[in-house]
1. Determine, from the Cβ-Cβ distance of residue 137 and residue 216 and an R0 of 41 Å, the FRET efficiency 1/(1 + (r/R0)^6), rounded to the nearest 0.05.
2. Could you work out how far apart the two model spin labels at residue 201 and residue 91 are, taking each label as a point 7 Å from the Cα in the direction of the beta carbon, and quote it in nm?
3. Sticking with the crude label model, points 7 Å out along Cα→Cβ, report the distance from residue 209 to residue 256 in nm, one decimal please.
4. The stretch 206-246 to the stretch 120-191: how many Å between their Cα centroids?
5. Report the local net charge at residue 162: Lys and Arg +1, Asp and Glu -1, summed over other residues whose C-beta lies under 14 Å from its C-beta.
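Coordinate-derived values only; no laboratory data. Given the structure is predicted, the values throughout are model-derived calculations rather than measurements. We place every Cβ from the backbone using ideal geometry, glycine too, and count neighbours over all the protein chains shown.
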Amino acid sequence: TTTTTTTTTTTSTTTTEREEAKAPPLQKPVATTTASSYSSSPTESDLKERKRGEQEAALKHLYDRLACSYHKAGGDRIVAAAHCTEVLLHHLPVSRRGRVLDAGAGTGEAGSMLKNAGVRHLTAFDLSDNMLDQARKRGVYDEAVQGCLPNSPFAEAQFDAVVCAGCLAPSHASPASYAEFCRVVRPGGLVAFSVPRAYYESAEGQGHVFAIETLERVGTWERVFVEARSYFDDVEAMYFVFRRQETVPYRRRRREREEEE
C-alpha cells in the first residue's frame, strides 16, 4: 500500500511539471503612460468640440420637441423677430431686397414680414428640422436649409442681407457666427441681429462683444444702428445693424474671379 501511494504522488507531480513547462511565461504588465498613449488622449480642442456637439444635439432635440407648440409655450411673446426685421428694412433699400438669409429662422416669423416687404428670394436656415417644417407652412420661403451656426453651406457673398433674431443667446449660436454672416453677405449688404442685453453686458457674453468689435475695428463691417429694445416681456435685447465693407482680400478675390471668367 505504501509503495502504491508513493508511485501515485510521483506520477502526479511529474504531470504538473510538464504542464507548467508547456504554459507560456507570464507577461509583465505594460505601463499605460507611454508616449503613444499620451498622443492618443483627447486634446483640449477635442473636448471642446465634443462639448459643442453635445450642446448642439441637446438644442436640436429641444426645438424639435417644441416646434408644434412653440407659440403656445410662450414663443409668441418673443418680439426679437419683429424688431430685427423692422430695423433691417428701415436701412435696406428696395433695390437690395433680392436675396435675404433668415438665420435661426425658427417658425418663420421674420420671413413673413420680410416677404411682405418685397424681399424676392428668402432662405430659412435653422438647426431644427421640425422648426423648419413650421416655417415652410407659411409659404414665404424659397428654400429651407437645416444646419448649425457658425457653419453654413452657403456661398461667399450669396445674400444681400442677413437677419438673425433670438439666436445669439446663451448656449445658442457662438460668436464665430458674425464672421460667417460677413462671409455670406455681399459688400454693401446688411446684417441685422439681436443679443439679449443682460447676456451681452455680462462676463459670459464678452465673446460676442469682442467678435463684433473686432470685425468693426478691422473694417470688415461698419455699425449702422444699435439700440436696446424689448426682447421678451420686460427683458431687453441689443439690436444691431452692420453694413458689410468691401475689404482688400474680398476685392482681390473678386478680381481673380473676373479674370477667370
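1. Computed FRET efficiency for residue 137 and residue 216 comes out at 0.60.
2. Roughly 2.1 nm, to one decimal.
3. Result: 3.7 nm between the two label points.
4. 16
5. After counting each charged neighbour, the total is +2.
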